1. What accessible area per residue comes out for the stretch 49-179, rounded to a whole number of Å², with a 1.4 Å probe?
2. Convert each backbone phi in the stretch 41-52 into a coupling constant with the Karplus relation 6.51 cos²θ - 1.76 cosθ + 1.60 (shift: θ = phi - 60°), then list the ³J(HN,Hα) values in order as whole Hz, x for Gly and Pro.
3. Which FRET efficiency value, to the nearest 0.05, do you get for Thr172 and Phe126 by plugging their Cβ-Cβ distance into 1/(1 + (r/R0)^6) with R0 = 45 Å?
4. Return P(r) of the stretch 60-145 (all Cα-Cα pairs; 10 Å bins starting at 0; whole %; ordered from short to long distances).
5. Could you give the spread of the C-alpha atoms of the stretch 20-179 along their three principal axes, from largest to smallest, in whole angstroms?
6. Using θ = phi - 60° and the Karplus relation 6.51 cos²θ - 1.76 cosθ + 1.60, list the HN-Hα couplings for the stretch 59-67 in order, rounded to whole Hz, with x at every Gly or Pro.
7. Taking just the alpha carbons, could you work out the radius of gyration and Dmax for the stretch 38-105, both in angstroms?
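The values are calculated or read from the model by the stated rules, or taken from the named source; none is laboratory data. Note that this is a predicted model, so its numbers are computed, not measured. We place every Cβ from the backbone using ideal geometry, glycine too, and count neighbours over all the protein chains shown. To get the accessible areas, we keep the full protein, side chains included, count just its heavy atoms, and leave off ligands, DNA and RNA. Shrake-Rupley method; radii C 1.70, N 1.55, O 1.52, S 1.80 Å.
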Amino acid sequence: MRKLAFGIASIVLSLAALLGSARAQADDHSIVGTWIVTVTVNTPPGAPPFVFTDFIAFNQGGTLTAASSAFNAHTSENPHLPPPLVVDTSDGYGVWKSTDDDSDRVAITFKRFLFAGAATSSIYPFSFPGQYVGVNAVQAVGTLQNADQLAGSFTTQFTDLAGQPTFSGNGTFTAIRLK
């Protein structure tokens, strides 16, 4: 009976230690989780600001999923976007990793498929609405400010199916962990 009680106590203590360790990892400066991201694209002087929101889920193991308020299946209906951006897009899928120089810095890469919209024939010739016409690639570097805030910069490039650029841009982002 004592052996059984000792065994149960050992299991309970081991589980408590594991849960405590998992909680400590969740409270550290890990990027793993879902973030509300405010993206500011650098625009030419005199042009209106271009700011939008993304949700990005960073998964353990280094993968990510991104959904955007500006780039989605109805982007081609947005009259405020410049012509190269008037395409419909998929959600983004990609990878992230901590950089070698600092565990609070992360490198992020993800891509979205581009689909022709009603007004894209001048940029993606011979296309029809809904046709797959290219890829949007985003690369970013961010720094965890604390456990719930992330900030950094990015570059983005839209390319057609031949790999020719149709738009390139850059900007900054800030993010707050979704709780």
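1. With all protein chains present, the stretch 49-179 gives 53 Å² per residue.
2. Listing the rounded values in order: 8, 5, 10, x, x, x, 7, x, x, 10, 10, 8 Hz.
3. The calculated FRET efficiency here is 0.80.
4. 18, 40, 24, 15, 3
5. Principal extents (largest minus smallest coordinate, Cα): 58, 34, 28 Å.
6. Listing the rounded values in order: 9, 4, x, x, 9, 8, 10, 10, 10 Hz.
7. 15.0, 43
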